[in-house]
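Participant: Would you mind keeping the following structure in view while I ask a few things?
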Amino acid sequence: MKLKNINQPLTHEQVEVINRIIKKYGNEHSRLLEILLEVQSLMEGQYISKAVAYYIAEKMSLHISRVYDVISFFSALSEVPRAKYPIQVCESIVCRVNESDNLLNQLQSLLGIRLNEVTYDHKFIIEQVPCFGACDKAPAVRINGKVYGPLHSKEQIKEVLNSLE
Ligand code: FES
């Protein structure tokens with residue numbers, strides 16, 4: 001499920017999802033980074049809009065500056081829309097021994113961008129993330145919550161990219 005992420009009042013669905021994530025982390029201020037990362041992963045454009053940031057601050061009884069401090073400190077978080085398809089390349093051990101470096105290089109060469117860069121049409125960004133629990137598909141990528149793998153050859157990678165409208 002991808003949630004619309006616009007600078008407008010939040011929908012009931014968005015509020016429910018954010019509430020669920022905050023509750024999952026026990027409304028702990030020390031878990032703010034994890035909360036923001038999880039919320040962001042469910043937002044269209046993979047970013048924390050102003051409306052979302054303010055809602056989280058209010059819900060967690062935090063000053064809004066605390067939320068923005070975390071967003072600006074961690075490069076994995078963004079206040080502006082990033083890309084329609086964030087390609088998350090696993091950088092953990094099982095994928096690494098299965099040549100995730102080669103997968104990363106192939107992606108960079110096919111898309112003409114480097115790590116954490118966005119394509120000119122805002123369609124793709126390549127990121128590295130820790131294990132997302134798909135080690136049986138190593139080397140794997142996750143795109144908007146869906147796992148693709150194992151991806152060894154250029155053809156397999158191209159097939160995945162071409163399947164994304
Ligand atoms: S090590 Fe890559 S998904 Fe687990």
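Participant: Tell me, what ³J(HN,Hα) does each residue in region 35-51 have, in order and in whole Hz, if you take phi through Karplus 6.51 cos²θ - 1.76 cosθ + 1.60 with θ = phi - 60° and put x for Gly and Pro?
Facilitator: 4, 5, 5, 5, 4, 4, 5, 9, 9, 4, x, 6, 8, 9, 6, 4, 4
Participant: While we're on this one: Work out, in µm²/s and without decimals, the Stokes-Einstein translational diffusion coefficient of region 85-163 at 25 °C, 0.890 mPa s, Rh from Kirkwood over C-alpha pairs.
Facilitator: 202
Participant: What Kirkwood Rh does the chain have if only Cα atoms enter the pairwise 1/r average? Answer in Å.
Facilitator: Kirkwood hydrodynamic radius for the chain: 16.7 Å.
Participant: Determine the percent antiparallel among the DSSP beta bridges restricted to the chain, to the nearest 5.
Facilitator: Antiparallel: roughly 50 percent of the beta bridges in the chain.
Participant: Which entries in Lys24/Lys59; Lys23/Lys84; Lys23/Lys137; Lys84/Lys146; Lys24/Lys84; Lys59/Lys146 show an alpha-carbon gap greater than 23 Å?
Facilitator: Lys23/Lys84; Lys23/Lys137; Lys24/Lys84; Lys59/Lys146
Participant: OK, next. Amide H to amide H under 5 Å from Val129: which residues, 5+ apart in sequence or cross-chain, H placed 1.01 Å off N in plane?
Facilitator: HN-HN under 5 Å from Val129: Val89, Cys90, Glu91.
Participant: Continuing with the same structure: P(r) of region 81-126 in 5 Å steps, Cα pairs, percent per bin?
Facilitator: 5, 25, 29, 20, 14, 6, 1
Participant: When Tyr120, Tyr68 are ordered from fewest to most other Cβ atoms inside 10 Å of their Cβ, what list results?
Facilitator: Sorted ascending by nearby Cβ count, the order is Tyr120, Tyr68.
Any read-out appearing in this document is the output of simple, stated calculations on the displayed coordinates, not a laboratory observation. The shown structure was predicted, so the numbers you read here are calculated from the model rather than taken from an experiment. Note that we place each Cβ from the backbone using ideal geometry, even for glycine, and neighbour counts take in every protein chain shown.
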